[in-house]
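To start, the structure under review is shown below, and the notes come after it.
Every number in this text was worked out from the coordinates using simple rules, so none of it is lab data. Just so it is clear, the structure is predicted and the values come from calculations on it, not from any experiment. Because the Cβ atoms are built from the backbone with ideal geometry, glycine has one as well, and the counts that use them run over all protein chains shown.
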Amino acid sequence: MIEETIFSKIIRKELPSDMLYQDELVTAFRDISPRLPTHVLIIPNRHIPSVDELAEEDEAAMGRMLSVARRIAREEGIHESGYRLIINCGADGRQEVPHIHMHLLGGHDVGPMITRKG
């Protein structure tokens, strides 16, 4: 049985979202709790719980996620100053929803990749 997630409902338009892009492979929408001026989530339409569960058949959707990120970065006007793409995986990677999702973050300096724990 496929696990139902909030993203599944957004893909099917059963929940409202500020959708920026949707095609047969991926959906992109603004995060409801943005961390930066531009914070967009880009997800495959097929439910894939995590990067660890990718199959060969998912290559097209994963590639499309990157090309959609590039397109949205241009539309948002952040392509020249720069942006960050993040895909978290598993508990230690801080993946909160069990459906692969890429964060597109930008609009000002995104800060260091990680901070040292000391």
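Among the listed values (1) 14.2, 45; (2) 15.1, 50; (3) 16.1, 51, the one matching Rg and Dmax of the Cα atoms in Å as calculated from this structure is (1). Extension gain for the segment residue 4 to residue 85, taken as residue separation times 0.36 nm less the Cα-Cα distance, is 26.7 nm to one decimal.
The H on the amide N of residue 45, modeled in the peptide plane, is under 5 Å from the matching H of 26, 27, each at least 5 residues off or on a different chain. Placing +1 on the Cβ of every Lys and Arg and -1 on the Cβ of every Asp and Glu, with nothing else charged, gives the chain a dipole about its Cα centre of roughly 480 debye. Distance between the pseudo-spin-label points of residue 114 and residue 12 (7 Å out from Cα toward the beta carbon): 3.7 nm. Each of 103, 37, 72 was scored by the projection of its Cα onto the charge dipole of the chain, and the greatest displacement toward the positive side belongs to 37; charges sit on the C-beta of Lys, Arg, Asp and Glu.
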